[in-house]
Every structure is written in structure tokens, then in C-alpha cells.
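Engineer: Below you'll find the structure I mean.
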Amino acid sequence: MTQSARRNAKVPSNEMTAMLIIFVATNAFLTYPRYISRNAYEAAWMEPVLSGALTLILFLIVEFLLRKYFRNLDIVEVSKEVFGRFGAGCVALLFSLYFLCSTAAVMREFTENVVSTVLPATPLIFVGAVFMFAVGYIAYAGIEGICRASFIFLPLLLVGLVAVCLMTMNWWHPYFLLPLWGTGVDRVFVGSFQYASIFANVLLLTIIYPHVHDTRATRRMGVVSISVSTCLLVALMLTYHMVFPPEETGKTTFALYRLARIIHMGPFFQRLESIFVFLWVTAATIRMSVTLWGAAYLLSKAFNWSSYRPAIPSLVLISFSMGMWADSWVQVIDLDGKYLLRWGWTVVFALPLVILLLGSTVRAIRRDRADEHDDNGGRMRRA
Amino acid sequence: MLKFCSLMVIPVLVFFYTMSFSRWLAKRAGTGAYVSAAMLGVISLGVSAVTIWRLVM
Amino acid sequence: MNRIFGGAVKRLLTVDDSVLDEQFSLENDNLDSSYQFGPSEAPPEEVNFTTAENMNYRTNKRVSMKKFLQRGEQEYHAAVDKARIGHDVEIPTHLEDMRAKLERAFHMPQNKDIVVREFQVGVEGNSKWSGMVVFVDGLADKNVINLSILEPLMILTHLTDAQPERTMKYVADKMVPGNQSVFVDSWADLVNNVLTGSTILWLEHCSSALVIETKGWEHRSVSSPQTEAVVRGSHDAFTESFRTNTGLVRSRLRTEHLVTEIISVGNLARTDIGIMYVHGLTNPSLVREVRKRISEIDVDFLMDSGMLEQFIEDKPSMLIPQVMATERPDRVAASLAEGYVAIFVGNTPFCLIVPVVLWSLIHTSEDTNIRYLPGTFMRVLRMIALFTALLLPSLYVAVTNYHSEMLPTDLMLAIAGSREQVPFPVVVEVLLMEFAIELIREAGIRIPSVIGPTIGIVGALIIGQAAVQAGIVSPLLVIVIATTALASFALPNYELSMGVRVLRFAFLVAGAILGFYGICILLCVYVVRLSMQKSFGVPILSPVAPNSGSARDVIVRGPLWGMNKRPTFLHPLRSWRQNPITRPWSQTTEKRAGIGFGRRRSD
């Protein structure tokens, strides 16, 4: 394991793509379907499409800026150039706090899911602790381990999601999808923008950029990961809305579980929801380890630690405590919807973009000045 | 109380681990790193103590 | 009679604590270091072995771990140095000196294994010229010594030249018809050669001795493989002879680029370790790493490949082996041709292949010999066997304990009905049956082959049947455990199946405590753990993760004419192993050649 302890571990682009797909597609098992269904009713499936398109554009812009101005730098190093060391520390702290909150929220939601669906008699704290232990271990292995595991588990996830979509075929009612625009075009657009933060690809890209094995493949990586995960989310939302009437879809906290529960294909293939435990637990573990790794990595960058790994146990404890803080599941879902999902875009999209834009302006100005200086020098020498 | 104490074993161990990490950092990376790592340890211990107290008591 | 009885009564009635001293003890204060029986009849020991390192430390003073290890290292080196005293000196030139030195070195006359035969070389005239041959009884071939060394020198020779050095050269060149002979100048070489079964020919007044290869100890002949039998393929396996083993490989892979390096390991007794690779194909840094790891082993005695494996593998605490042990020469030859390195250890019938990837542990040499569709079928079957052996009991426990709703109602009722008689929780039931199966497996190795089948029937059928009828286990569970046992025997690598056997219990506990959720979490953690593990610089899950493109020989077995490149994770110096178009006369395969299916990039 020591070989991978390097901070500058390089990951091949197809493994990175797998990680990004899992990272985004995991939202299908979280409260995301509930919120967009509530927001757009029949048109809920359009929201991932619009959010995905928006993310894709932003991703390409960010990738362009990184490639042009900040080769092999991550967001903390860029903000060091813009805001100085203290500012960079604050930015990193903010991001890592976001990641910690995200880990905590996902942890609590998944733990509640597990307890309410398959292990009703097991104490919440025990299930959560096991989850966090696994997540901590995986994050400790570093981004290489996470990405390799994602690459191994991705086929499982793809097959599973497609299976859920197809095996509910005998319950499909395509007319549930009408009227086409649901609650109205404007609400769909606003909702897509608001809930776009599930596509954290942009922020992740700015962090993992120095770890990408082949920076030329980054663009393809982004495009593939965003489009595949969008397709998965859209397929799931379409199925979900074809199976359940729109008023009901906004009330469920765990869309995939409800879908899996109604699978009934003859006496043998029925009630398969337990099998899908494998699917969502794996995906959730990987997603949480990415966010936890991100938090530790950013902290180590902010405070100039020489390794991020020893901080992982503490961070595990902190996010576990944060996750267990809320009294009930409903409260968690409320908080998640109100703050993390609703305002996540500021951290996930706006802030990295602003920093990168500022950074590239700074660099461009410096470059101009240097050119001018060179010109002046040349002129003076000539004179 | 016994339950609380037994559950606190892990946070305390993690606290010591983080503290030795911060001492290690003090040798390698300087005061800023040392203080921040120590603060991380203290925060994690405090937060988990409060949470476990709330959960158990 | 009376006296014996009286003695016993007397011993019963008298208080005598000398009874405690009657038994022999090693822990006495008598530090006499010689091995002699009585008064000196052999020359005194040259080396005093009774020094600090083999005195037992009686002190209670605590030392730090670092200091303790340092002290251990120092003592070990001191002992090794002492054992080597006199090794770097020259060979004596006088008969008396030589005799004395040999007696000291080989602890004669107590040591009866060493044979020293003194003789006179046939010389014209009255002057006599003495010499001796030295060999180990049982290691050397006596016929060769009698007919090729002693007979020519004693009977057929009539030398006239008086210059010993020149004559020695003449003797080696013209008179001793051994096929391998070499002059040695140092005492250490002489001793080592005697111990490897060669015969030393020494003649008086010469400063060097002639080593003649006469190895000829008894060993098992080449027979069929015990653990890796196949239907289609060769049926010979390695045996307990180093040279036979290397020869078996070389006879298959007949290239002048095949190199066998030999490193001797061991300070007390030396074991030859052969490193075999193909020069110009195998990655040189891999060979260097293997050489480095082996030559840094500093032990007294290394007997078997299983021991060497533990000294050189990356992480011995992993349950999955990071070195592949095989007894099949064809497998070694195929691996060498792909760019792997093979390691032969002394006279052990197992050869090690490094590095190893997890997938190659579930391959057999038969896969390549049969056509690719059945080959793929067998590999997929073994992959399923791997997961069955690992997960089936834990899944059964999880389903019956936590997820009974996923079973069809009839089946669930059947399980519940069969479990009604059973007084234990499912996990205890599973553990009981696993224990029984493990006992049968372990006993099966050691049961004398005459009664083996009988005991097998008793164990498998009667115990299983009786346990069900007695209501200790449910009938379905017997099926589950039997399937698991079959699956674990279907794994072709013994070490892997042992690892899986142990891991299964971890999954069983996880499944018993947390159902599918626990199994899944453990699986995630273990996959990440495996994905971070390397074997001699190659990630053990490659070429799947990290993905390196040559994935056609992993779970599926691609058509032979399409697998054009060697595994990229080995970074061989020659990456193409065949012409991209190997079936030019066939239109269908020509189109596919170089593109093939199941591959990610064009090879």
C-alpha cells in the first residue's frame, strides 16, 4: 500500500471516468429523485438532462482554463496564486467542509436506508459506524484505490441500474409522463439549475486534475462520465415516473428501493430489493470515500501537511458525528434539501469557476507584463 | 455511563493517533501544520463525545 | 528379582529428591563445547562456539526493540563469521596437513558420511605420489568414482614427469574422464563441492584440487502432477531434483536465451536457488528485483520453495498468494515465454513464478490447450467457483436471517420447515458443517490411502445424512456446504483455495451480523485492499484494475491467433509474441486477427 501513498499518484483516465460516473449516479439512490420530482412532477426526467448539459459546458470551460494556465495544479494551488496563502487555506477549508458535510449527509441517508429497508433491528449507530469504517479504510488507500475499485464495480452498477429499469417493465404506464412539461418550463429550468450540484464533476476535476494520468484525455473523461451518468439518471427517473404517479414520486425518500420492491417477474424473480443492497452500498461507499478523500486531501494542502492519510480517522469521526447529529431522518432530508442540494452549486460550480477565472486573469496580466517588460528591455538594449 | 465510556474508546484512540500525527508534523512541516492537526484532533474528540452523549444518554 | 522389588519399595519409602536430576537437561552449566564421547581422540575444535550468542540471557533488564534487534543481528553475524573461519584459506599441499584439515572441517572420525580414499598414482620408478578422493557417501555416484577416477589413476597410469602442477593438468586433461571437472583453489570451494555431491581429487604437492561432477543421489523419478492434473496436456511434474527440474523446462523452451542463474542461500547449509528468465524478453528490472530479494535472504537454512516464498513476497500477511507455485514444467515454460521469472529452490518439486496476478491463479495450463470457447467456459466456471467458495455460506446465512422475503414463498417455507427441527441459529449450524468439512479435508490428506475411500464415504455421506436425520443441521444447508466445498476444490491454485477458505469465515461473520450489507461492505474493503496490492511491482488485479488493455486473457480466453501481444503489465522487452496474421489462409479469422473480441484497445 505504501506505493500508493504518494500524493501525486496518477490514475488512468478510464478508472477516473468510472469513479466520476459512480459519484454522480449514486444520487439516484439519494434524495435527488424526490426533490426533482417534487419540483417538476412529470418533467422530472428533464432536469438531469439540463443539469448535465450545464455541467458539461462548465466542465469544458474549467478544463480549458486548467489546461491553458494551470497545468498540473489543483484548485488550492491556483487560489494560492490569487488570494495568497491564507486565502487559499480558507478556500480549501470551505471545500473540505463541503465534502465533509456531503459525506455526513450521504452517510446518514444511507444508514437510514439500510436500517429501514433490510436491517430493521440493528442499531443505527452500529450500521453507521461500519459504513464509516469501510469508507475511512478506502479513503486511506487513496485516490488510486478508489478509482480502481470504481472501475471494478462500475459494470455491476450499470447492470443493476439497467436491470431495475427493465425489470419493472410490467408496471410501466407511459401516460404518467404527460403533460410533457410537468409543472412548467420555468420551474423545470430553475430546478435544473438549483439541483445541478449533484454533478460535482467540475469541483472534483479541479482537485484531481494533477492526478490524471493523461491530461489530454481529461476532456473525453468529462464528456463520457457526464453523459453516462446523465443517461443513467434519466433512465431511472423515466422508469420511476412511468411506474408511480407524479404526486407520489415526490414523497418517497428512496426511489430505487421502491422500484426494486415492486419487481415481480413470475414466482421466482420477485422482491429482489435485497440484491440491490449490493448495488447501492457499493456505490455509496465509493462516493463517500471520494468525498472523504477530497476533504483530507484539501486539508493537507491547506495546512501544508506532508501527508493526508493520518488525518482520515479524525475526519471519519467528525463526519460520522455530523451525520448522527440530526435527531431524525426527516430532519436530515430537510437539511440536505435546504442547504446542500439547494446551495451546493455555489461551492461546486461557482466558486471553482470564479477562482479559475481570477487566476487566469492574474496569469494573463502577469504574462502581458512580462512580455511588456521583455519588449522594454529589448528596446532599451537596442537603444 | 458505562456505555458512553465504552463507545468513547475509539474516539480517544483516534485522538491520540491524531496527536502523534501532529507531533510528527511539528518535526517536518512547522507550527501551522502542527496546530491545525492538533485542532483537528481536539475537534474530532469533542464532536464525537457530544454526539455519542446525545445518542446514548 | 528380589533386589528389583526391594529397590522399588525402597524408592517408594525413602525421601530422595535426586529423582529430579535423573532426567537429562540441556540447561546445565557444563559448557563443554566438544561433541566427543570420551577423552580426546579427534583434533580439538578450531572454533569456540560457546560464546555470548549461544548463552541463554538470564538478565531481566529491559532493552528497547531496536537495541534487541541490533544485538540479534550482531550475534548472528558473529556466529556466521565464526562458522566460516578457515574457509578462505588455501588448500594444503602436504598429505598430513590435508588429512588433518579434512578431519577438522568435517568433524571426522565421528562423522561417518565423508569418505576419504587415499591412493597412490601409478608412477614409473620408485618414487611414490600420494593423492586422495573425498566425497559424501550417498550423494556421489560410486561407479563413476571407481571407474572414471580411481581406476585410471591407480591402474592405467604410468607417469614419468616429476613436476606435480604440470602433471595435475595432464591428469585432468587426459586421464580423468569426468564430463564436468574444474580446478578449485580455496578451501571453501572444496568443502562446498564435496557437500553438493561432487568428488574432490587431490594430489600431493598440488595447490589446487580437481572437482569432478559425480552427483548421484537417489530421488523420485518424474511422475504425474499431484495437485495440478489436467486432461489435455502433458502429464509430467517437477521432482525432488534441481537439475531434473531445470532440464524439464529447458527441454520444452529450447532457446539459447533462456538463462538460469544460481544463487546459494544459507549460512549453515547452502541451498541452490535458480532464477530462470528469457534474456532479451523479460523485463530486466524484474530480474534485478528477484535477484535482490533472494540474495538479501540471510538465514541459516532455507529448505523449500514454500519458505522462500514467504521471504520474498510483498505482503506475507495477505491471504491471497503473491507468488505462484506450480509443479508443471509446461506452465513454467509458457510463463517464461510470456515474460515471467521462474524460481527453482533446491530439490523441491515446486517452482515459483513471479509476478502473479489474481486471474492467473484461476487459470490452468489446460485452458490454452483446448479450443477457446470451452476454454472460456471453464474459466468462467472457475470464476463462479471462486465466488461460490467465498460467499455461498455467508449468503445463505444472510438470506435466511435477514432477507427471507426474497425467496419464493414455497422455498422459504421449505427452508423454514427443514429448520424447524434444528435447535441452533443458522450461523452455528453453518460453522458446525464447515468444521466437519474442514476436518474431512484435513484428514483426507493424512489418511492412509488403503482406508481413504472408506473414510471418505463415512465422512461425507454418513455424517451428513446422520446429522440431518438427527436434526442437527437442515438438509438444504448440507447442499450449500457441499457445493461450497466442491467449489473450493475447483480452484486450481492450492494457496488461493486456502486463502479463500479462511476469508470465507470473515464473510460468514459479516453476513451473520449485518446480512447482505455486511457482506457488501467487506467485499468493497477487500477489493480496495487487493487493488492496492502489488506482486513484484505488478498490481495483483491487473490487467483489470489498473486497466492495461490486454484483458483478453483474464476471464475469457481469447482465440490464440488473436492474442498477439504479451501481457503489458509485465512490461516485457518484446511485446509482440506472434505475427498479427497467423492464419492467412483462413478468410474468417484473418479479418478478426489483431482485432478480436473482448479486448479494449487494439493490441
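Engineer: Pairs, please: C-beta under 8 Å, at least 6 apart or cross-chain, first residue closer than 20 Å to A:Lys10 by Cα and in the range A:135-160, second acidic (Asp, Glu)?
Structural biologist: As it stands, the answer is A:Cys147/A:Glu15; A:Arg148/A:Glu15; A:Ser150/A:Glu15; A:Phe151/A:Glu15, since those pairs meet every condition given.
Engineer: Does C:Arg504 fit the bill of being modelled with pLDDT of 90 or more and more than 14 Å from every other protein chain (Cβ to nearest Cβ)? I'd like the intermediate steps shown before the answer.
Structural biologist: Numbers: modelled with pLDDT of 90 or more: yes; more than 14 Å from every other protein chain (Cβ to nearest Cβ): yes.
Criteria met by C:Arg504.
Engineer: Kindly establish whether C:Thr376 is more than 28 Å from C:Val458 (Cα to Cα), of a type outside the set (A, V, I, L, M, F, W, C) and not in a helix (DSSP H, G or I).
Structural biologist: Working: more than 28 Å from C:Val458 (Cα to Cα): yes; of a type outside the set (A, V, I, L, M, F, W, C): yes; not in a helix (DSSP H, G or I): no.
When the stated conditions are applied, C:Thr376 does not pass them.
Engineer: Checking the conditions here, which among C:Pro408, C:Pro393 is under 23 Å from A:Val114 (Cα atoms), in contact with a strand residue (DSSP E or B) (Cβ under 9 Å, 6 or more places away or on another chain) and open to solvent by less than 70 Å² (accessible area, probe 1.4 Å)? Steps first, please.
Structural biologist: On the way: C:Pro393 fails: in contact with a strand residue (DSSP E or B) (Cβ under 9 Å, 6 or more places away or on another chain).
So the residue among C:Pro408, C:Pro393 that is under 23 Å from A:Val114 (Cα atoms), in contact with a strand residue (DSSP E or B) (Cβ under 9 Å, 6 or more places away or on another chain) and open to solvent by less than 70 Å² (accessible area, probe 1.4 Å) is C:Pro408.
Engineer: Considering only residues that are of a type in the set (Ser, Thr, Tyr) and either open to solvent by 70 Å² or more (accessible area, probe 1.4 Å) or more than 14 Å from chain C (Cβ to nearest Cβ) (or both), which ones fall in the range A:240-276? Can you show your working first?
Structural biologist: Applying the first criterion (of a type in the set (Ser, Thr, Tyr)) to the range A:240-276 yields A:240, A:249, A:252-253, A:257, A:274.
Result: A:Tyr240, A:Thr249, A:Thr252, A:Thr253.
Engineer: To continue, here is another question. Which condition breaks for A:Leu353 when tested against (1) more than 9 Å from every other protein chain (Cβ to nearest Cβ); (2) open to solvent by 40 Å² or more (accessible area, probe 1.4 Å); (3) at pLDDT 85 or above?
Structural biologist: Only one criterion is unmet by A:Leu353, namely (2).
Engineer: Identify the residue in the range C:579-597 that is open to solvent by less than 50 Å² (accessible area, probe 1.4 Å) and part of a loop (DSSP other than H, G, I, E, B) and, among all such residues, is modelled with the lowest pLDDT.
Structural biologist: Residues of the range C:579-597 open to solvent by less than 50 Å² (accessible area, probe 1.4 Å): C:586, C:589, C:593-594, C:596.
Going one step further and asking which of them are part of a loop (DSSP other than H, G, I, E, B), we end up with C:586, C:593-594, C:596.
Numbers: C:Ser586: 80, C:Ala593: 49, C:Gly594: 47, C:Gly596: 43.
Filtering first and then ranking leaves C:Gly596.
Engineer: Would you point out the residue of the range C:82-140, among those that are within 30 Å of the chain's Cα centre (by Cα) and assigned to a strand (DSSP E or B), that is surrounded by the most Cβ atoms within 10 Å (Cβ to Cβ)?
Structural biologist: So the residue we want is C:Phe135.
Engineer: Hey, A:Arg148 hits all of (1) within 30 Å of C:Leu541 (Cβ to Cβ); (2) of a type in the set (D, E, K, R); (3) loosely packed, with under 13 Cβ neighbours inside 10 Å but one; which does it fall short on?
Structural biologist: Failing condition for A:Arg148: (3).
Engineer: Do we find a residue being assigned to a helix (DSSP H, G or I), among the β-branched types (Val, Ile, Thr) and more than 7 Å from every other protein chain (Cβ to nearest Cβ) anywhere in the range B:16-30? Talk me through it step by step, then tell me what you get.
Structural biologist: Within the range B:16-30, the subset assigned to a helix (DSSP H, G or I) is B:16-28.
Among the residues that remain, those that are also among the β-branched types (Val, Ile, Thr) are: B:18.
Adding the requirement that they be more than 7 Å from every other protein chain (Cβ to nearest Cβ) leaves none.
Looking for residues that are assigned to a helix (DSSP H, G or I), among the β-branched types (Val, Ile, Thr) and more than 7 Å from every other protein chain (Cβ to nearest Cβ), one finds none in the range B:16-30, hence no.
Engineer: Residues C:Arg166, C:Arg117: which one is among the charged types (D, E, K, R), over 23 Å from C:His87 (Cβ atoms) and at pLDDT 90 or above?
Structural biologist: Details: C:Arg166 fails: at pLDDT 90 or above.
Of the residues listed, the single one that is among the charged types (D, E, K, R), over 23 Å from C:His87 (Cβ atoms) and at pLDDT 90 or above is C:Arg117.
Engineer: Can you pull out the residues in the range A:54-82 that are part of a helix (DSSP H, G or I), touching a residue at least 40 places away in the same chain (Cβ under 8 Å) and open to solvent by 10 Å² or more (accessible area, probe 1.4 Å)?
Structural biologist: Correct list: A:Leu54, A:Leu56, A:Leu58, A:Leu60, A:Ile61, A:Leu65, A:Arg67, A:Lys68, A:Tyr69, A:Glu77, A:Glu81, A:Val82.
Engineer: Does C:Arg574 fit the bill of being assigned to a loop (DSSP other than H, G, I, E, B), more than 14 Å from chain A (Cβ to nearest Cβ) and surrounded by fewer than 22 Cβ atoms within 10 Å (Cβ to Cβ)? Steps first, please.
Structural biologist: Working: assigned to a loop (DSSP other than H, G, I, E, B): yes; more than 14 Å from chain A (Cβ to nearest Cβ): yes; surrounded by fewer than 22 Cβ atoms within 10 Å (Cβ to Cβ): yes.
Against the criterion (assigned to a loop (DSSP other than H, G, I, E, B), more than 14 Å from chain A (Cβ to nearest Cβ) and surrounded by fewer than 22 Cβ atoms within 10 Å (Cβ to Cβ)), C:Arg574 qualifies.
Engineer: May I ask you to verify whether B:Ser48 is assigned to a helix (DSSP H, G or I), closer than 19 Å to A:Met132 by Cα and within 10 Å of chain A (Cβ to nearest Cβ)? Break it down into steps so the answer makes sense when it comes.
Structural biologist: Numbers: assigned to a helix (DSSP H, G or I): yes; closer than 19 Å to A:Met132 by Cα: yes; within 10 Å of chain A (Cβ to nearest Cβ): yes.
So B:Ser48 fits the description; yes.
Engineer: At pLDDT 75 or above, part of a helix (DSSP H, G or I) and farther than 22 Å from A:Leu58 by Cα: is that true of A:Arg381 in this structure?
Structural biologist: Values: at pLDDT 75 or above: no; part of a helix (DSSP H, G or I): yes; farther than 22 Å from A:Leu58 by Cα: yes.
The answer is no for A:Arg381.
Residues are listed down the side, and each one gets a yes or a no for (1) more than 21 Å from the chain's Cα centre (by Cα); (2) free of Cβ contacts under 8 Å to residues at least 24 places away in the same chain; (3) surrounded by fewer than 24 Cβ atoms within 10 Å (Cβ to Cβ):
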| site | (1), (2), (3) |
| --- | --- |
| A:Leu298 | no, no, no |
| A:Ser306 | yes, yes, yes |
| A:Phe320 | no, no, no |
| A:Gly323 | no, no, no |
| A:Asp327 | yes, yes, yes |
| A:Asp334 | no, yes, yes |
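Engineer: Considering only residues that are exposed (fewer than 15 other Cβ atoms within 10 Å of the Cβ) and either touching a residue at least 12 places away in the same chain (Cβ under 8 Å) or not assigned by TED's automatic domain parsing to the domain that holds C:Val345 (or both), which ones fall in the range C:265-290?
Structural biologist: At the first step, the residues of the range C:265-290 found to be exposed (fewer than 15 other Cβ atoms within 10 Å of the Cβ) are C:268-269, C:279-280, C:284-285, C:288.
Across the range C:265-290, the qualifying residues are C:Leu268, C:Ala269, C:His279, C:Gly280, C:Pro284, C:Ser285.
Engineer: Only one of (1) without any contact (Cβ under 8 Å) to a residue 40 or more places away in the chain; (2) farther than 25 Å from C:Leu386 by Cβ; (3) among the hydrophobic types (A, V, I, L, M, F, W, C); (4) outside any helix (DSSP H, G or I) fails for C:Ile343. Which number is that?
Structural biologist: Going through the list (1) without any contact (Cβ under 8 Å) to a residue 40 or more places away in the chain; (2) farther than 25 Å from C:Leu386 by Cβ; (3) among the hydrophobic types (A, V, I, L, M, F, W, C); (4) outside any helix (DSSP H, G or I), C:Ile343 breaks only (1).
Engineer: Of all the residues that make up the range A:247-275, how many are part of a helix (DSSP H, G or I) and either among the charged types (D, E, K, R) or over 26 Å from the mean Cα position of the chain (by Cα) (or both)?
Structural biologist: First, the residues of the range A:247-275 that are part of a helix (DSSP H, G or I): A:247-249, A:255-261, A:272-275.
The next check asks that each one be either among the charged types (D, E, K, R) or over 26 Å from the mean Cα position of the chain (by Cα) (or both); those that pass are A:247-248, A:258, A:261, A:272-273.
Here the count works out to 6.
Engineer: Pick from C:Asp314, C:Asp330: which is in contact with a Ser or Thr (Cβ under 7 Å, 6 or more places away or on another chain), part of a loop (DSSP other than H, G, I, E, B), of a type outside the set (Gly, Ala, Ser) and open to solvent by 20 Å² or more (accessible area, probe 1.4 Å)? Break it down stepwise before answering.
Structural biologist: Details: C:Asp330 fails: part of a loop (DSSP other than H, G, I, E, B).
Exactly one of C:Asp314, C:Asp330 is in contact with a Ser or Thr (Cβ under 7 Å, 6 or more places away or on another chain), part of a loop (DSSP other than H, G, I, E, B), of a type outside the set (Gly, Ala, Ser) and open to solvent by 20 Å² or more (accessible area, probe 1.4 Å), namely C:Asp314.
Engineer: Something else now. Please find, among C:Val525, C:Val538, the residue that is open to solvent by 20 Å² or more (accessible area, probe 1.4 Å), within 21 Å of C:Met383 (Cβ to Cβ), out of contact with any strand residue (DSSP E or B) (no Cβ under 8 Å at 6 or more places or on another chain) and within 12 Å of chain A (Cβ to nearest Cβ).
Structural biologist: Of the residues listed, the single one that is open to solvent by 20 Å² or more (accessible area, probe 1.4 Å), within 21 Å of C:Met383 (Cβ to Cβ), out of contact with any strand residue (DSSP E or B) (no Cβ under 8 Å at 6 or more places or on another chain) and within 12 Å of chain A (Cβ to nearest Cβ) is C:Val525.
Engineer: Then there is this: Which pairs have Cβ atoms under 9 Å, sit 6 or more apart or on different chains, and link a residue in the range C:548-563 that is among the β-branched types (Val, Ile, Thr) to one that is at pLDDT below 80?
Structural biologist: C:Val554/C:Gly598; C:Ile555/C:Gly598; C:Val556/C:Phe597; C:Val556/C:Gly598
Engineer: Would you be able to say whether some residue in the range A:212-220 is among the acidic types (Asp, Glu) and touching a Ser or Thr at 6+ places or on another chain (Cβ under 9 Å)? Give the steps one after another, and end with the answer.
Structural biologist: Here is the first cut: in the range A:212-220, the ones among the acidic types (Asp, Glu) are A:214.
Keeping just the survivors that are touching a Ser or Thr at 6+ places or on another chain (Cβ under 9 Å) gives A:214.
Among the residues of the range A:212-220, at least one is among the acidic types (Asp, Glu) and touching a Ser or Thr at 6+ places or on another chain (Cβ under 9 Å), which makes the answer yes.
Engineer: Another question, if that's okay. May I ask you to verify whether A:Cys90 is in contact with a Leu (Cβ under 9 Å, 6 or more places away or on another chain) and under 24 Å from A:Leu335 (Cβ atoms)? Quick ask: steps written out before the conclusion?
Structural biologist: Numbers: in contact with a Leu (Cβ under 9 Å, 6 or more places away or on another chain): no; under 24 Å from A:Leu335 (Cβ atoms): yes.
Taking the combined requirement at face value, the residue does not satisfy it.
Engineer: Any chance the range C:196-209 includes a residue that's closer than 26 Å to C:Asp300 by Cβ, surrounded by fewer than 21 Cβ atoms within 10 Å (Cβ to Cβ) and more than 17 Å from the chain's Cα centre (by Cα)?
Structural biologist: Looking only at the range C:196-209, we keep the residues that are closer than 26 Å to C:Asp300 by Cβ, and these are C:196-198, C:200.
Checking the rest, the ones that are also surrounded by fewer than 21 Cβ atoms within 10 Å (Cβ to Cβ) come to C:196-197.
Right, trim to more than 17 Å from the chain's Cα centre (by Cα) and you get C:196-197.
Checked against the condition, which is being closer than 26 Å to C:Asp300 by Cβ, surrounded by fewer than 21 Cβ atoms within 10 Å (Cβ to Cβ) and more than 17 Å from the chain's Cα centre (by Cα), the range C:196-209 yields at least one hit.
The values are calculated or read from the model by the stated rules, or taken from the named source; none is laboratory data. These figures come from a predicted structure and were not determined experimentally. Backbone-built Cβ (ideal geometry, glycine too); neighbour counts: all protein chains shown. Ligands, DNA and RNA are excluded from the accessible area calculation, which covers all protein heavy atoms including side chains. Shrake-Rupley method; radii C 1.70, N 1.55, O 1.52, S 1.80 Å.
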